Amino acid sequence: MSLFSLSLTFALILHPTGHQLLTLNKIFESYLKSKRLRYFAQEMALTLIMLIIFHYIGVLLQNSLHIGLPTIRIAAGVILFVISLKMIFPDTFRRTAHELEAPHFLVPVASPILAGPMILTTIMVYSSGEAPILVIPAILVAWTIVSLSLVLCWKNRSLIHPKLVTAYEQLIGLVIMMLSVEMFLKGIRLLWN
């Protein structure tokens, strides 16, 4: 896998969609104008730190617990599939908006909205996969893309209609579902070989 395709995969999974994107806008609006940029920079920095730490912790956990790559790929495929269903059918799986409460340090922006189980599982898979050396550069590229994208979304928030956000969430959900099936099938192939 190339750096471009790995970065694109991470960016698609890392970027918040649907109600999470609307939640982020409401959280940023709850801050005074002078403190918004500082809060955004703080949460994005925490997200990056979590992603990089999990890259190393994930590999350490695999080695300590003797978890094979086929197991990780199959488990990641199942997790991504379940989450993609929630994205494709958002009304069915709609959660309560507990994250709309007053923002706190780390939660809910850095985790779970940005560095949630989906991206952490994906990083764990690729950290022990074919090109582990590309994972850190791909995380940095994806993080930069998502940071710039969120700034653009905030600047143009008046143009973002809830129906457009839902359509985007469903589209990304379909892409992630395909990724999940691919991971699952790769895990099955590795298991049989």
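The values are calculated or read from the model by the stated rules, or taken from the named source; none is laboratory data. Values in this document were obtained by computation on a predicted structure and should not be read as measured data. FYI the Cβ positions are ideal-geometry reconstructions off the backbone, even for glycines, and counts take in every protein chain you see. For the accessible areas, the whole protein counts, side chains as well, though only heavy atoms, and no ligand, DNA or RNA atoms are used. Shrake-Rupley method; radii C 1.70, N 1.55, O 1.52, S 1.80 Å.
Structure summary
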{"item": "Within the stretch 135-167, tally of residues that are open to solvent by 80 Å² or more (accessible area, probe 1.4 Å) and assigned to a helix (DSSP H, G or I)", "result": "9"}
{"item": "From Ala75, Ala11, Ala45, residue being surrounded by fewer than 20 Cβ atoms within 10 Å (Cβ to Cβ), at pLDDT 90 or above and either under 14 Å from the mean Cα position of the chain (by Cα) or not hydrophobic (A, V, I, L, M, F, W, C) (or both)", "result": "Ala11"}
{"item": "Unique residue being in a helix (DSSP H, G or I), exposed (fewer than 14 other Cβ atoms within 10 Å of the Cβ) and more than 19 Å from the chain's Cα centre (by Cα) when the list is Ser34, Ser5", "result": "Ser34"}
{"item": "Test: residue in the stretch 89-106 that is at pLDDT 85 or above, open to solvent by less than 30 Å² (accessible area, probe 1.4 Å), out of contact with any strand residue (DSSP E or B) (no Cβ under 7 Å at 6 or more places or on another chain) and on the phi < 0 side of the Ramachandran plot", "result": "no"}
{"item": "Close pairs from the stretch 147-175: first closer than 18 Å to Ile113 by Cα, partner open to solvent by 40 Å² or more (accessible area, probe 1.4 Å) and part of a helix (DSSP H, G or I), Cβ under 7 Å, at least 6 apart", "result": "Pro162/Leu22; Val165/Leu22; Ile172/Leu12"}
{"item": "Matching option when the condition is in a helix (DSSP H, G or I) and either without any contact (Cβ under 8 Å) to a residue 24 or more places away in the chain or closer than 19 Å to Lys155 by Cβ (or both), among Ile57, Ile52", "result": "Ile57"}
{"item": "Residue in the stretch 109-117 that is assigned to a loop (DSSP other than H, G, I, E, B), over 21 Å from Met177 (Cα atoms) and either at pLDDT 85 or above or open to solvent by 10 Å² or more (accessible area, probe 1.4 Å) (or both) present", "result": "no"}
